[in-house]
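Heads up, the thing below is written out as structure tokens.
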Amino acid sequence: MNILIKSYYRPHLLDRCLRSIYEKIVDVNDLKITVLDDGTPQKYLDKINQKYPQVDFKFSNYRDEKIIKIQNHLDGIQKYHDTRIPTDLWYDAIEESSEILIITEDDVWFVDNFNMNFYVKEMKKFGIHILKMGRDITETKNYELTEKIAYHNPKYIIKSHKVYSLLLNNSFNLRNNLMKYNLLPKYWRNELWKMYDIPMAMTRKDYLLHIWKDKYKRVVEDLQLVNAVSWDFKTNGKHKYTLLKNRVMDTTVRSSASFNSFNIQDNFDLIKFNYILNELWYNDEFNEYENYPKDFSVDYIYDILLKKENKEFADKWKKWTQALEQMRLDTRLDNY
């Protein structure tokens with residue numbers, strides 16, 4: 001069985017992710033863990049490899065170029081800009097993986113014990129396509145499947161893949177016009193998220209390959225939702241989309257790898273921020289398990305930034321992380 005970890009310039013978080021895997025997954029010795037890296041300098045990955053020698057690494061075709069761009073940004077030569085994502089790397093790694101796998105990200109960690117073999121058997125027994133193990137962003141009614149697993153299914157406006165493709169792509173300005181006249185149910189799009197959650201889920205390989213079949217080089221969630229709808233219409237089963245009643249994974253709002261699009265507050269320099277924490281971690285001056293299993297405490301990182309930078313930079317980060325946290329709270333229910 002496989003665990004794939006998407007990684008990008010945050011080894012201080014990757015360390016937390018891997019440590020939690022080795023501490024919380026009871027059958028970890030039966031698993032193959034692979035880091036799919038898209039821009040982390042080699043010295044950091046060498047340290048990860050020293051701490052976790054069993055872990056394999058695969059690299060994107062953009063990695064070397066992105067590492068140079070990051071360094072140029074830090075040196076003040078040119079501001080970083082690169083929105084490409086390595087979907088080829090992810091797709092190929094999924095294709096080579098076990099029939100059921102976990103694909104997660106470096107900013108996600110396990111918060112409780114988990115037996116992957118047990119849940120693989122449950123997924124096969126009940127015909128489950130995805131088992132979500134973290135947040136439930138839909139906040140709709142779930143139904144009991146087992147003592148540990150609940151299930152839910154999307155409620156469609158109309159059972160038509162073509163209609164949903166038009167809506168999600170906003171073809172002919174259809175979505176905007178329907179919204180203008182309040183002709184779309186408020187949470188219509190949120191219903192589709194019952195079928196999808198990549199960072200914190202165990203998923204069937206064939207389902208993941210269908211979701212990512214376009215191999216598009218940008219993060220376009222609506223395209224993945226279109227594919228999820230088409231999958232739902234062509235497959236059978238009442239219990240395809242499930243979630244654990246008690247979450248075993250969590251993620252952070254203290255950092256982001258989306259350097260181009262997540263500058264929520266005052267164009268905060270996330271590359272510089274991650275560089276500071278990466279260097280401290282590299283020199284054994286950063287506690288990757290601070291406040292675990294909860295997210296890193298604001299005071300811990302704020303004090304680091306005060307010491308290593310200045311109050312202006314620390315204050316900007318504090319506003320940024322508070323804005324990101326509020327944004328995630330606001331979007332738990334989709335307002336489209």
Do the conditions hold for Asp15, that is, is it crowded, with 18+ Cβ neighbours inside 10 Å, part of a helix (DSSP H, G or I) and of a type in the set (Asp, Glu)?
yes
Would you pick out the residues in the stretch 49-86 that are modelled with pLDDT of 95 or more and either of a type in the set (Lys, Arg) or in contact with a Leu (Cβ under 6 Å, 6 or more places away or on another chain) (or both)?
Lys51, Tyr52, Lys58, Ser60, Arg63, Lys66, Lys69
Hey, could you check the stretch 22-46 for residues that are more than 19 Å from Lys66 (Cβ to Cβ) and touching a Phe, Trp or Tyr at 6+ places or on another chain (Cβ under 6 Å) and say which is surrounded by the fewest Cβ atoms within 10 Å (Cβ to Cβ)?
Val28
Residue check, Ile158 in a loop (DSSP other than H, G, I, E, B), at pLDDT below 95, of a type in the set (Val, Ile, Thr) and more than 27 Å from Met202 (Cβ to Cβ):
yes
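Residue by residue, here is whether (1) farther than 27 Å from Val26 by Cβ; (2) of a type in the set (Phe, Trp, Tyr); (3) part of a strand (DSSP E or B); (4) touching a strand residue (DSSP E or B) at 6+ places or on another chain (Cβ under 6 Å) holds:
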site	(1), (2), (3), (4)
Ile77	yes, no, no, no
Thr83	yes, no, no, no
Leu89	yes, no, no, yes
Ala93	no, no, no, yes
Ile103	no, no, yes, yes
Phe118	no, yes, no, no
Thr146	no, no, no, no
Ala150	no, no, yes, yes
Given the criterion over 15 Å from the mean Cα position of the chain (by Cα) and surrounded by 21 or more Cβ atoms within 10 Å (Cβ to Cβ), identify the matching residue among Thr242, Thr203, Thr235.
Thr242
For Asn169, all conditions in the list (1) surrounded by 14 or more Cβ atoms within 10 Å (Cβ to Cβ); (2) on the phi > 0 side of the Ramachandran plot hold save one; what is the number of the exception?
(2)
Of His73, His81, which residue is surrounded by fewer than 16 Cβ atoms within 10 Å (Cβ to Cβ) and in contact (Cβ under 8 Å) with a residue 60 or more places away in the chain?
His81
Tell me whether the stretch 180-196 contains one or more residues that are among the hydrophobic types (A, V, I, L, M, F, W, C) and surrounded by fewer than 14 Cβ atoms within 10 Å (Cβ to Cβ).
yes
Looking only at the stretch 201-215, which residues are of a type outside the set (A, V, I, L, M) and either over 20 Å from Leu243 (Cα atoms) or in a helix (DSSP H, G or I) (or both)?
Lys205, Asp206, Tyr207, His210, Trp212, Lys213, Asp214, Lys215
Reported set for the stretch 270-315 where residues are over 21 Å from the mean Cα position of the chain (by Cα) and not in a helix (DSSP H, G or I) is Asn283, Asp284, Glu285, Phe286, Asn287, Glu309, Asn310
For Leu174, are the conditions met, namely being in contact with a Lys or Arg (Cβ under 7 Å, 6 or more places away or on another chain), without any contact (Cβ under 8 Å) to a residue 40 or more places away in the chain and not in a strand (DSSP E or B)?
no
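The values are calculated or read from the model by the stated rules, or taken from the named source; none is laboratory data. For clarity, every value in this text was computed on a predicted model and none was experimentally measured. Note: ideal-geometry Cβ built from the backbone for every residue, glycine included; neighbour counts use all protein chains shown.
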